[in-house]
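The values are calculated or read from the model by the stated rules, or taken from the named source; none is laboratory data. This structure is a prediction, so every number in the text was calculated from the model and none was measured. Please note: Cβ atoms are built from the backbone with ideal geometry, for glycine as well, and neighbour counts cover all protein chains shown.
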Amino acid sequence: MLRYLLKRSLIALVTLWIIVTITFLLMITVPGSPFSDERSSNETIQANLEAHYNLDEPYHVQYLIYMKNIAMLDLGPSIKQPNQTVNDLLGRGFPISFELGMVTIIVAVISGIVFGIISALRHNGIIDYLSMGFAVLGISIPNFILATLFIQKLAVDWAMFPVATWSSPAHMVLPVAALATGPMAIIARLTRSTMLEVLTQDYIKMAKAKGLSPWKITFKHALRNALMPVVTIMGTLLAGILTGTFVIEQIFAIPGMGKYFVESINQRDYPVIMGTTVFYSAFLIFMLFLVDIVYGIIDPRIKLHKKGGE
Amino acid sequence: MKTANGINPAPSSSSIPDEWFTLKEKDKDAAEQVARPSLSYWQDAWRRLRQNKMAMLGLIFLILLTIMAILGPILSPYEVNTQDRPNQYQLPSSEHWFGTDAAGRDVFTRTWYGARISLFVGLVAAMIDVFIGIIYGGISGYKGGRTDNVMMRIIEILYGIPSLLVTILLLVVLGPSLFTIILALTITGWVGMARIVRGQVLQIKNYEYVLASQSFGGKTSRIIRKHLLPNAMGPIIVQMTLSVPTAIFAEAFLSFIGLGIQSPYASWGVMANDSLGAILSGNWWTLFFPAFFISFTMFAFNVLGDGLQDALDPKLRK
Amino acid sequence: MEKILEIKDLHVTFTTYGGTVQAVRGVNLHLNKGETLAIVGESGCGKSVTSNAVMRLIPSPPGKISKGTIHFKGQNLTEFSEKKMRMIRGVDISMIFQDPMTALNPTLTIGTQLMEGLRKHKNVSASEAKKKAIEMMELVGIPNPEERLKQYPHQFSGGMRQRMVIAMAIICDPELLIADEPTTALDVTIQAQILELFGEIQKKTGVSIILITHDLGVVAKIAHRIAVMYAGKIIETGTKRDVFYNPQHPYTKGLLNSVPRLDERGKLQPIDGTPPDLFSPPKGCPFTARCPYAMEVCDKVYPEQSVLSDSHQVNCWLQDKRAKHILAESASKSF
C-alpha cells in the first residue's frame, strides 16, 4: 500500500510540474501576457507585475522564480484589477464553487448509484427502461442547456425556485440539478452495467447457495465489486463537474471562482487564467490521488499488485 | 415396464412394427450440416445492430443530419450571416422555418451551417484521436517490456492533466479558430484511445495465429496491420463513436465561455450562447433549435455507440 | 436404504430469443443416504441444470422447472417458496462450484465468507463461529487457519481456494452436498488431493454427495453409483461396477472408450458428431445420429427403461429382443 501511495504521489507531482511548465511556456509566447514586452497602462499593476515575476531577469530565472512562487502558494497579481491577486479571487470565489461542486457530486453519486442498483435488480423491467432512457437523455443534454431550460421553466414560468445567485438552499436546487444530471446519468449507467455483470459471477451464485438473503447478496457481495469501476471514473467526473461550474456559475450569476475565471478569459487577464488553471489542476490531481487511495481501500488486491491501478 | 427384480431386457413395445428394427442408413451429410448459415463477424454485427431500435434511430438521425448539413445551406434562400435587423425575432413560419434571431438571420440556415461545424469538429477530432491512439497504443502494446512501461507512464501522467483546462489555456493563447479548437481537443483526447488499443493489442498478440505469423518472420508493421488492427477494430469503432459527442459538447462548451468558433462561422454552441438572453424575453426558438440539435446529436452518437458496443462484442454473439 | 433425494420426471426449460431450450427432459434419479452419485455427461447435457434445479438456483427468467418433483427428505422442494428455500440452502443442501478462482468474492476476507453462512443459519456467537471456522479449515487441510482467516482470496492458491469453498459448503453440516465439476479447474496433482478430501469428509460426516463431472477418472475414484446423462435425459444408471464393466448404452460404451487407461492397450475412440440441438430435440433417442447401431425405430420412438438388475437400468432399443441381430450385423458391416 505504501509503495502504491508513493508511486501515485510521484505521478501526481510530475503531472503538476508539467502543467506549471506548460502554463509558463504558453505565457512567455503570448502577446499581452505579463511576460511579453507590452507594458500595462496602469502603473500600479506594472509595478506589481515586475516585483512578482522579476521581469528584468532572463527567462530561465523567471521560470525558477515562477516555480518558487507557486510552491509557496503565491499565484500572482491580476493585470486587470489593481491590487487584486489571484489568491484574493480564489479566497472569495473558491469556497462557493467548492460548495456547489461538493453538493453536486454527493447528489450525483448517491442518486446515480441508487438508480443503477434499482435498474440492475429490476433488469428489463419498466423501471429499468425508464431510468436508463432518462440516463441517456441526461448524458446527451449539455448542462448549460439544462440550466437555461430550468431557469425558463422552473424559475421564470412556474416560479418554483429563485432564478439566480447563491444565498439559500433554495438557490442551490437548480444549479445543482443542472450540474448533477450528467454525472448522475453516467454513474447510473455504469453502476447498472457492472452490477449486472457482477450478479452473474460465481461468487454471487455461491452466496445464494449459502442461503443468504437477496438484501445481503446485493449490498455485501455485489455492490462493493460493482462500485469499483464507478470509483475509477470519479476523477473524470470531478473534472467535468469542475469545468461545468464555469458555465453554471455564469448562467446563475453565482459569485464563484468559475465566474471569475470566465471573466478573466474574456478580459485576457493572463495571470488570473494561469493561476486558476494551476490551482484547479492541482486540486483535480489531488482529487485523483484521493480516488486512488479509496480504490486501494475497497480493492484488497491492490496491496499486492506492484502495478496498481491497471 | 418395471418388473420387480426383472430380468426384462425388452421394453413392452409390441405395438412397434418389427421392420423398424433394421440398421438405419447413415446420412453423413445430415450430421455434418450446420444448423444456421454462418455469418462473417461484420455481417453478424450488422444483423445485431439492426435489431437494436435505439441504435438504428440514432444512425438514421445522423444520416439525415449529414444530408441536411450538406444540402440545407444550399437549399435555403438565405445566407448564413446576412443580417436583416427589421426582421429580428421572427417566429418560425413558412418564410423562416426555424424563425430568425436577434440580428434577423435565418435560424434554419444557421442550424445546418452549425451542423457542418459540429460534425466537422467532432469527426476530425475523433479521427485524429484514432490515428494517434492506434499508433501509440499499437506500438506500446506490441513492443511490450521497457518501451511499453515508459509509454504507459507517459499516458498515466497525461491522463492526470485536466483536458478541458489545457484546452482553455491553449485557446486563450492561440486564439479560437476551427483549427485551434480541433488541435486543443486532440492534444489530450487521444489518450483514452491509446489505452484501449494497447489493451486490445496485449490481448490479441498472444493468440496463436499472431505467434505463428511472427515465427514465420512476419514484419512487425505487417503483423500490426494485418492481424492486430482488424481484431481490435470493434472497441476502436465504439470509442470513436463515443468520442464524437465529447468533441461536440466541448465545442459548445467553449463557445459558451467565449472561446468558441468566431464569425463568420455559426456553430451550435455559438448560436445557443448568443440566444441565452433571448429566451428570457420569450424568443424560445433561437435557443431551441441549436439546443435540440446539440442534444439529439449527442444522444444519437451515444445510443449508436452503445448499440455498436453490444453488436461488436464477440462474447455476445449468439 | 433410506432415500435422501428423489427426482421424478424433472423438466427444465429456458426461454430465449431463439426459442425454448429443453435443457432437462424428464430426469428420474434418486440418492441414498451416505452415498456418492456421479452424474456424467458431455457439457450441455443438462447435468449442471439438474443440480441447480435441486438447489432451486435456476435463474428465472429465463429458466423454469416446468414439470416434475424433487423430494428432499420427503419434502417436495419444487413447491417451496424462495424464503423457505433459503432455509434449506447452505444448511441442508450445499453446493461446490467448478472454478475456485471465481467462486470466492475478491473483496471479502476468507473468514467473513466462511462464517457468514454459519452466522445466518445457526444461532452462534462470533467466537463460536470463529472456533467452528478454524475447525473446518483444519478439516479441509489448511495450515495456520487462524491467520489465514484474515486473508483475502487472492492470497490463496487454486487448490487452497477449492478447499475453502468445500469448507464453506460443509460448515453447517449439510446432509447433501452437490459438487459441480469440483476438480475440473485444478491441476492433476491437486485434483487427487481434493477427491481424497471428499472421501474423508464423507467418512467423518456421513454426507451424501452428488458429483457432477465429465471426467470418468474422477468418477472411478469416489462414486458409488453413476447416472449417464445425454441431451437432457438419463440414459443409463447403475453402480460403478455395472457401468464400468457392463455398459449397455452405446453412448456409455463410447464414453468409456474415449478415456485413456493404463491397464489396457488399444486405440482411443472418440465419439463422432455433436449432441442434438435442444431447441427442437428429436422425438426418438437423441443419440441416434451418432450411434453406430442406430435403427429405424430409434429415430421414431424414445425407448422405455429396461431394468437389467436392481441397480442397473438403461434406455436403449438394443435391449429389445428383436434387435439381437443388430450388434452382429453392424460389426460385420464396418469391416
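Remark: pairs (first residue in the stretch C:294-310, more than 7 Å from every other protein chain (Cβ to nearest Cβ); second residue modelled with pLDDT of 80 or more and part of a strand (DSSP E or B); Cβ separation under 6 Å; 6+ apart in sequence or on different chains) are absent. Considering the stretch A:197-225, and only residues there that are under 26 Å from A:Val294 (Cβ atoms) and surrounded by fewer than 17 Cβ atoms within 10 Å (Cβ to Cβ), the residue that is nearest to the other protein chains (Cβ to nearest Cβ) turns out to be A:Arg224.
Being more than 9 Å from every other protein chain (Cβ to nearest Cβ) and out of contact with any Pro (no Cβ under 6 Å at 6 or more places or on another chain): is that true of C:Thr183 here? Working first, answer last.
Details: more than 9 Å from every other protein chain (Cβ to nearest Cβ): yes; out of contact with any Pro (no Cβ under 6 Å at 6 or more places or on another chain): yes.
In short, yes.
In the stretch A:1-19, the residues that are closer than 30 Å to B:Leu170 by Cβ form Cβ pairs under 8 Å with partners that are part of a helix (DSSP H, G or I) and polar (S, T, N, Q), at six or more places apart or across chains, as follows: A:Thr15/A:Ser281; A:Leu16/A:Ser281; A:Ile19/A:Thr277; A:Ile19/A:Ser281. Just one of the listed residues (A:Thr276, A:Thr236, A:Thr218, A:Thr194) is under 27 Å from B:Ala252 (Cβ atoms), modelled with pLDDT of 85 or more and not hydrophobic (A, V, I, L, M, F, W, C), namely A:Thr276. Per the conditions (1) within 14 Å of another protein chain (Cβ to nearest Cβ); (2) at pLDDT below 85; (3) surrounded by fewer than 20 Cβ atoms within 10 Å (Cβ to Cβ), the sole criterion not satisfied by A:Asn83 is (1). Counted as qualifying within the stretch C:157-272 are the strands (runs of 3 or more DSSP E) with 3 or more residues that are in contact with a strand residue (DSSP E or B) (Cβ under 7 Å, 6 or more places away or on another chain) and under 30 Å from C:Met87 (Cα atoms), namely C:176-180, C:208-213, C:225-230.
Of the set (1) within 14 Å of another protein chain (Cβ to nearest Cβ); (2) surrounded by fewer than 16 Cβ atoms within 10 Å (Cβ to Cβ); (3) more than 23 Å from A:Ala222 (Cα to Cα); (4) of a type in the set (D, E, K, R), all apply to C:Asp92 but (2). Do we find that B:Pro86 is farther than 30 Å from C:Val297 by Cα, assigned to a helix (DSSP H, G or I) and modelled with pLDDT under 80 in this structure? In short, yes.
Kindly evaluate A:Leu238 against the criterion of being within 14 Å of chain C (Cβ to nearest Cβ) and closer than 22 Å to A:Ala108 by Cβ. If you could, list the steps in order and put the result at the bottom.
Working: within 14 Å of chain C (Cβ to nearest Cβ): no; closer than 22 Å to A:Ala108 by Cβ: yes.
Considered against the rule, which asks whether it is within 14 Å of chain C (Cβ to nearest Cβ) and closer than 22 Å to A:Ala108 by Cβ, A:Leu238 comes out as no.
Residues of the stretch C:108-156 being free of Cβ contacts under 8 Å to residues at least 12 places away in the same chain and assigned to a helix (DSSP H, G or I), which ones?
Hits for the stretch C:108-156 are C:Thr112, C:Glu116, C:Arg119, C:Ala126, C:Ser127, C:Glu128, C:Lys131, C:Glu135, C:Glu138, C:Glu147, C:Gln155.
If you filter the stretch C:97-112 down to residues that are more than 7 Å from every other protein chain (Cβ to nearest Cβ) and at pLDDT 85 or above, you find that the one that is surrounded by the most Cβ atoms within 10 Å (Cβ to Cβ) is C:Ile110. Every condition in (1) at pLDDT below 85; (2) assigned to a helix (DSSP H, G or I); (3) of a type outside the set (Val, Ile, Thr) is met by B:Met68 except one, and the failing one is (1).
Quick check: anything in the stretch A:252-262 in a helix (DSSP H, G or I), buried (at least 22 other Cβ atoms within 10 Å of the Cβ) and within 10 Å of another protein chain (Cβ to nearest Cβ)? Yes, there is a match, as at least one residue in the stretch A:252-262 is in a helix (DSSP H, G or I), buried (at least 22 other Cβ atoms within 10 Å of the Cβ) and within 10 Å of another protein chain (Cβ to nearest Cβ).
Does B:Ile294 satisfy the criteria of being assigned to a helix (DSSP H, G or I), modelled with pLDDT under 85 and facing chain A (nearest Cβ under 9 Å)? Give the steps one after another, and end with the answer.
Details: assigned to a helix (DSSP H, G or I): yes; modelled with pLDDT under 85: no; facing chain A (nearest Cβ under 9 Å): yes.
When the stated conditions are applied, B:Ile294 does not pass them.
Return yes or no: is B:Asp313 at pLDDT 75 or above and not aliphatic (A, V, I, L, M)? Taking the combined requirement at face value, the residue does not satisfy it.
Residues B:Val124, B:Val150: which one is out of contact with any helix residue (DSSP H, G or I) (no Cβ under 8 Å at 6 or more places or on another chain) and surrounded by fewer than 24 Cβ atoms within 10 Å (Cβ to Cβ)?
Numbers: B:Val124 fails: out of contact with any helix residue (DSSP H, G or I) (no Cβ under 8 Å at 6 or more places or on another chain).
Going through B:Val124, B:Val150 in turn, the sole match is B:Val150.
Evaluating C:Ile178 against the criteria (1) modelled with pLDDT under 90; (2) surrounded by 19 or more Cβ atoms within 10 Å (Cβ to Cβ); (3) within 14 Å of chain A (Cβ to nearest Cβ); (4) under 15 Å from the mean Cα position of the chain (by Cα) leaves one unmet condition, (1). Within the stretch A:124-165, take every residue that is within 12 Å of chain B (Cβ to nearest Cβ) and not in a helix (DSSP H, G or I) and give me the one that is nearest to the chain's Cα centre (by Cα). Only one residue fits best here, namely A:Pro142.
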